[in-house]
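To keep things clear, I will list the structure first and then write my remarks on it.
Taken together, the values in this text are just the output of simple stated rules run on the coordinates, not laboratory data. Every value quoted in this text rests on a predicted model; they were computed, and no experiment measured them. We place every Cβ from the backbone using ideal geometry, glycine too, and count neighbours over all the protein chains shown.
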Amino acid sequence: MSLYPEIMELFLITDVLITDYSSMMFDFANTGRPMLFFTYDLESYRDNLRGFYFDFEETAPGPLLTRSDDVIESLLDIDEVAGRSAASYRSFVDQFCPLDDGNASARVVDRVFGKER
C-alpha cells in the first residue's frame, strides 16, 4: 500500500503486519510482532495461481482470515489473537529464521578469520 522504498524501515514502525502470502512474513517474523493473513482467495492461490513451497495453512505464524470483518475484529483484540498464535509463530521463526539472531556478522567474521580474532 506504499511506494516507500525501504520495507525494513516500515517494519520498524509497524505494530501488526496484515498481508496475504507475501514473503515479507519471513522478514517481519524477526520483529516478534503479530501477523494477520488476509487469505480470502486461498483456494485459488494455492490450487490455481502459484501454490506454496510449504504447507502455508499449517505453518502460517498468524490467523488466516477470509473476510474483511475478520481482519477488523482481529485488530481490535490483537493481544488475544497474538497469544493464540504464539506457538505457531515460535515454530515459524524456529523453522525459517534460525540464523536471524543478531549474530550473523560475528559468525561471518569467525568463519573468515577464525574464532581467535
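With a 10 Å radius around each residue's Cβ, average the other Cβ atoms per peptide and rank 76-83, 7-14, highest first.
76-83, 7-14
Taking 2.2 N^0.38 Å as the expected size of a compact globular protein, what ratio does the Cα radius of gyration of the range 7-113 give against it, to two decimals? Working shown, then result.
Working: Rg = 15.5 Å, N = 107, 2.2 N^0.38 = 13.0 Å.
Taking the Cα Rg and dividing by 2.2 N^0.38 Å, one obtains 1.19.
Would you mind putting 35-41, 69-75 in packing order, based on average other-beta-carbon counts within 10 Å, highest first? Mind showing how you got there, number by number?
Values: 35-41: 19.3, 69-75: 14.7.
Going by the mean number of other Cβ atoms within 10 Å, highest first, we get 35-41, 69-75.
Which loop trypsin sites (Lys or Arg not before Pro) in the range 1-72, with loop taken from DSSP, have no more than 10 other Cβ atoms within 10 angstrom of their Cβ?
50, 67
Using a basic spin-label model with each label point 7 Å from the Cα along Cα→Cβ, how many nm lie between residue 3 and residue 73?
3.7 nm
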